[in-house]
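Novice: Please see the structure below; I have some questions.
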Amino acid sequence: MIVSERTYRFNYNIWLIILAVSLIFRLPATLLLILFVAYNLFFYKHLKFIKKRLLFIGLIASPFLLDLIFLWNNELLQEGLKHAEKRISMLLLPFFILTQNHRFNTALIVRCYAILTTLILSFCLIRFAVISPELWAKYLNGVDLWEMGYRFASSINMHAPALNLHVAFVVVINFYFLKEGFTKVSKKYQIWRVIIFITSIIILFYVNTRLAILNAFIGILLITFYKKISVTEFKANKKLVLGLALFITLAIAFVKVFPYSIEKFTSVTFNNLDKVGKLDDLENPEKTAYNGLVTRLSIWKSGVELACRNSVLGVGAADGKKELIKYFKETHQNFLFKYEFPVHNQYLDFWIKFGLLGALIAFIYVGLFAYIGFTSKQLLCVFFFILFATSNFVDDFLIRFDGIVFSALWLSIFTKHALDDPQNKLK
């Protein structure tokens with residue numbers, strides 16, 4: 001099949017947009033990923049292999065390569081292969097994206113991704129209100145507000161922190177292009193960008209996960225103040241500050257409607273910190289500690305102790321959670337054992353599974369966003385580093401499809417943009 005170069009380039013940008021947007025729905029995203037691989041294989045003549053790009057392909061694929069290197073260390077080989085299969089996209093995506101022999105329209109890809117994701121999630125939120133009116137009524141009456149966001153996320157088969165990881169990125173992208181729109185688009189388009197931005201903020205606050213909201217706020221600050229305000233840009237930056245004020249105003253309004261959020265961010269989070277490693281001493285840990293920082297710290301304490309036992313080779317990718325739960329039982333931590341908590345820290349998770357090399361690879365992989373972002377001056381890539389680095393400190397997104405493909409896709413796109421820039425400073 002003969003396709004003109006121009007058509008192929010246009011189609012490839014569309015492919016990347018569709019793939020990025022689909023990631024909030026696992027089954028369609030999986031099918032699209034398979035079709036994307038098939039598409040690249042069919043047009044294999046468009047691939048160009050350059051030594052520098054192969055190096056970055058290897059770095060982005062490093063967690064998957066780690067699975068292969070330590071495959072022998074799993075109790076059951078087939079279980080180890082299943083975990084490697086989860087991360088195979090970390091090889092396929094950079095391989096096909098970084099070897100493309102043409103430049104992408106990265107700005108178009110990022111902007112369309114943010115707008116379409118906002119619109120799709122808005123539709124999903126309206127649908128949720130229609131099919132679950134009793135939950136909306138409960139929320140509006142202040143009943144069981146701890147569920148807020150988790151039920152909505154589960155209605156589209158996602159975990160709330162994973163969904164809000166995507167939404168926080170979308171909010172910051174929308175703000176980034178809102179900033180661009182102050183001087184480059186008509187007033188009509190400025191209004192639409194404001195509407196899209198506000199809508200994405202509402203979704204962010206509705207899902208209501210603490211770190212994602214904080215990261216979105218940091219991202220907006222980063223975009224607002226990343227360079228000094230000059231006299232000629234004062235008016236535009238003044239409007240940016242108004243955008244920041246809008247974010248804060250919506251946050252205050254949200255708290256007024258859902259006052260439990262203040263409790264969630266304060267007492268629920270920081271209560272009982274003197275009980276780290278001693279959760280069973282609490283009278284009712286399910287009620288007083290389940291969503292608190294004390295539970296995470298107790299898990300991490302046990303995780304570090306387990307990792308130190310196997311610091312060189314780890315316990316194997318397939319056996320990490322099982323060994324951690326076994327350690328809870330050994331150390332008589334009945335609450336943690338009962339609920340079989342995962343480690344909830346990606347760096348510690350890789351240390352437990354692969355030893356010190358695993359922890360190093362986790363830091364290298366996440367740190368690539370910072371390296372690419374700073375060296376190529378891609379502000380959204382720098383924000384993705386902040387978002388992904390902090391999120392993986394309290395969760396483990398490199399064991400989940402939505403975290404694996406989400407990070408590998410955007411890291412590949414940002415790296416491709418940097419390598420194609422004639423002014424790039426990547427060494």
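The values are calculated or read from the model by the stated rules, or taken from the named source; none is laboratory data. For clarity, every value in this text was computed on a predicted model and none was experimentally measured. Cβ: placed from backbone, ideal geometry, glycine included. Neighbour counts: every protein chain shown. Areas reflect the complete protein model, heavy atoms only, side chains present, ligands, DNA and RNA absent. Shrake-Rupley method; radii C 1.70, N 1.55, O 1.52, S 1.80 Å.
Novice: Do any helices (runs of 4 or more DSSP H) lying entirely in segment 68-160 carry at least 1 residues that are under 20 Å from residue 384 (Cβ atoms), and which ones are they?
Specialist: 89-98, 106-131
Novice: Residues of segment 1-56 being open to solvent by 40 Å² or more (accessible area, probe 1.4 Å), of a type in the set (S, T, N, Q) and not in a loop (DSSP other than H, G, I, E, B), which ones?
Specialist: 7, 11, 30, listed by residue number.
Novice: Does any residue of segment 351-359 turn out to be among the aromatic types (Phe, Trp, Tyr) and surrounded by 19 or more Cβ atoms within 10 Å (Cβ to Cβ)?
Specialist: Scanning segment 351-359 turns up at least one residue that is among the aromatic types (Phe, Trp, Tyr) and surrounded by 19 or more Cβ atoms within 10 Å (Cβ to Cβ).
Novice: Here's a follow-up. Under 9 Å between Cβ atoms, at least 6 apart or on separate chains: pull out the pairs that start in segment 25-40 with a residue that is farther than 24 Å from residue 121 by Cβ and end on any residue that is open to solvent by 50 Å² or more (accessible area, probe 1.4 Å) and among the polar types (S, T, N, Q).
Specialist: 39/11
Novice: On the given criteria, is residue 336 buried (at least 21 other Cβ atoms within 10 Å of the Cβ) and closer than 24 Å to residue 284 by Cβ?
Specialist: So residue 336 fits the description; yes.
Novice: While we're looking at this one, here's another question. Assuming residue 383 fulfils every condition listed in (1) within 26 Å of residue 117 (Cα to Cα); (2) buried (at least 22 other Cβ atoms within 10 Å of the Cβ); (3) out of contact with any Phe, Trp or Tyr (no Cβ under 8 Å at 6 or more places or on another chain) apart from one, which condition is it?
Specialist: Residue 383 satisfies all of (1) within 26 Å of residue 117 (Cα to Cα); (2) buried (at least 22 other Cβ atoms within 10 Å of the Cβ); (3) out of contact with any Phe, Trp or Tyr (no Cβ under 8 Å at 6 or more places or on another chain) except (3).
Novice: Looking only at residues that are more than 12 Å from residue 96 (Cβ to Cβ), among the aromatic types (Phe, Trp, Tyr) and touching a helix residue (DSSP H, G or I) at 6+ places or on another chain (Cβ under 7 Å) in segment 1-58, which one is modelled with the lowest pLDDT?
Specialist: 8
Novice: Also, quick follow-up: Could you check how many residues of segment 73-94 are open to solvent by less than 60 Å² (accessible area, probe 1.4 Å) and farther than 22 Å from residue 322 by Cβ?
Specialist: Going through segment 73-94 one residue at a time, the tally reaches 6.
Novice: So for segment 347-364 (the condition being closer than 25 Å to residue 222 by Cα and in contact (Cβ under 8 Å) with a residue 60 or more places away in the chain), does at least one residue qualify?
Specialist: Looking for residues that are closer than 25 Å to residue 222 by Cα and in contact (Cβ under 8 Å) with a residue 60 or more places away in the chain, one finds at least one in segment 347-364, hence yes.
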